[in-house]
Amino acid sequence: MQEIRIERMQPADALAAASIEKELFGQPWSCEGFLSALASQDAFYLSVFLDGKLVGYCGFYQSFEEAEITNVAVSPSCQRRGIGMRMLEELIRCGGKRGVERYILEVRISNGRAIRLYEKLGFTKAGVRRGFYEMPKEDALIMCLDH
């Protein structure tokens, strides 16, 4: 049985997170982008390790009692194992300890798997941002969770 460990992201995780970003996204965050986020008092990020290897991460920027979830990613080879659900549940739990009452995120309108995952967690559709994404150009679905 493989051991999954979820913990607060550390600067040492930034390079591996940026590598997963390159695999998944048309406009990936760089290692420096993650390091910058980790240096912010308003940011909170989690890393997910499977048998000691970073396989996923998620995080948010907090403003008072609201948090915007900016990154949610699981390495393609580890998807469909419940890792995304577990790490988001932990992110929401940790956010609650920080006083977060509302979570907001954007997701590509074509990303049905992610939308279904967010709905299972209680997120609801709140609107659409036209042309939000680049490479390829696409609308974003805005989703919210009041917790």
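The values are calculated or read from the model by the stated rules, or taken from the named source; none is laboratory data. Small disclaimer: the values here were computed from a predicted structure and weren't measured. SASA here: full protein model, heavy atoms, side chains in, ligands and nucleic acids out. Shrake-Rupley method; radii C 1.70, N 1.55, O 1.52, S 1.80 Å.
Solvent-accessible surface of the chain, taken per residue with a 1.4 Å probe and all protein chains present: 55 Å².
Rounded, prolate or oblate: pick one for the range 92-147, where a ≥ b ≥ c are the square roots of the eigenvalues of its C-alpha gyration tensor, a/c under 1.5 means rounded, and failing that, prolate if a/b is larger than b/c, else oblate. Here the range 92-147 falls in the prolate category.
For the set I142, I6, the ranking by accessible area, highest first and with no ligand, DNA or RNA atoms included, is I6, I142 under a 1.4 Å probe.
With contributions of -39500 (n - 2.57) from each DSSP H run of at least four residues, the per-residue ellipticity at 222 nm computed over the chain stands at -9000 deg cm²/dmol.
Residue ranking by accessible heavy-atom surface, 1.4 Å probe, largest first, among S47, S36, S30 comes out as S36, S30, S47.
Rolling a 1.4 Å probe over the protein heavy atoms leaves Y61 with an accessible area of roughly 80 Å².
Counting only whole DSSP H helices of the chain, the ones at least 20 Å long by C-alpha along their axis and with mean Kyte-Doolittle hydropathy no lower than -1.0 are 83-97.
How large a share of the accessible area of the chain, in percent, is made up of carbon and sulfur atoms when the probe is 1.4 Å and the other protein chains stay in place?
On the way: 4020 of 8110 Å².
Ligands and nucleic acids excluded, carbon and sulfur reach 50 percent.
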